[in-house]
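In what follows, a single structure is set out as structure tokens and then discussed.
The values are calculated or read from the model by the stated rules, or taken from the named source; none is laboratory data. What you are looking at is a predicted structure, and each value in this text was computed from that prediction instead of being measured. When we count neighbours, we look across all protein chains shown, and the Cβ atoms used for this are built from the backbone with ideal geometry, even at glycine. Remember, those area values only see protein heavy atoms, side chains included, never the ligands or the DNA or RNA. Shrake-Rupley method; radii C 1.70, N 1.55, O 1.52, S 1.80 Å.
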Amino acid sequence: MGVSGCGKSTVGAALAKALDATYVDGDDLHTPENIAKMSTGTPLHDTDRWPWLDRVGDALAHRQETTIIGCSALKRAYRDRIRAKVEEPVLFIHLSGTREEIARRMHNRPGHFMPASLLDSQFAALEAPRSDEFAVTVAINQPLVEIVQELTRTIEMLQQNRNGWRQSI
């Protein structure tokens, strides 16, 4: 989870490979209308997001294998909506970085529908996970291999401490 450009797709795919898991890009679960809206620089409203978040939750709930979905999940209410669909613990991994660092990344990624002009609205909406949420935060200002190693160690530790925990990430 995190704002656009924080590396959800890159980290999610690399972590899935390291964990022998399935990766699903949450962007693929958006409606064409949502993508068109964002492509024109129009931020989504909660009414736009609820059906998308339901699809994210359904995608996690209906998988038998370990599944990682890259999804902004910017607000606690969004994460709660996903959790309600899954009906079991969902680990949220917050990819955290500065606005400047993420803006630089967004300017350097070709072909993505989300324009950098929406970054401020993403940061304005962001509610970092609180201590009572099943979540970890990782800084993105380090090499990808280090992020994946850190997350792999954390997930392995969580698995050992949560008997029967099915990974929904």
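Answer yes or no as to whether GLY5 is within 21 Å of PRO129 (Cα to Cα) and modelled with pLDDT under 90.
Against the criterion (within 21 Å of PRO129 (Cα to Cα) and modelled with pLDDT under 90), GLY5 qualifies.
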For the structure I just gave you, tell me whether ALA18 is modelled with pLDDT of 95 or more, open to solvent by 40 Å² or more (accessible area, probe 1.4 Å) and touching a strand residue (DSSP E or B) at 6+ places or on another chain (Cβ under 6 Å). no
Filtered residues of region 52-87 (kept if open to solvent by less than 60 Å² (accessible area, probe 1.4 Å) and either over 16 Å from the mean Cα position of the chain (by Cα) or aliphatic (A, V, I, L, M) (or both)): LEU53, VAL56, ALA59, LEU60, ALA61, ILE68, ILE69, ALA73, LEU74, ALA77, ILE82, VAL86
Any residue that is under 21 Å from SER131 (Cα atoms), at pLDDT 85 or above, open to solvent by 20 Å² or more (accessible area, probe 1.4 Å) and not acidic (Asp, Glu) - is there at least one of those in region 99-110? no
Does region 25-51 hold any residues that are surrounded by 19 or more Cβ atoms within 10 Å (Cβ to Cβ) and within 18 Å of HIS94 (Cα to Cα), and which are they? GLY26, ASP27
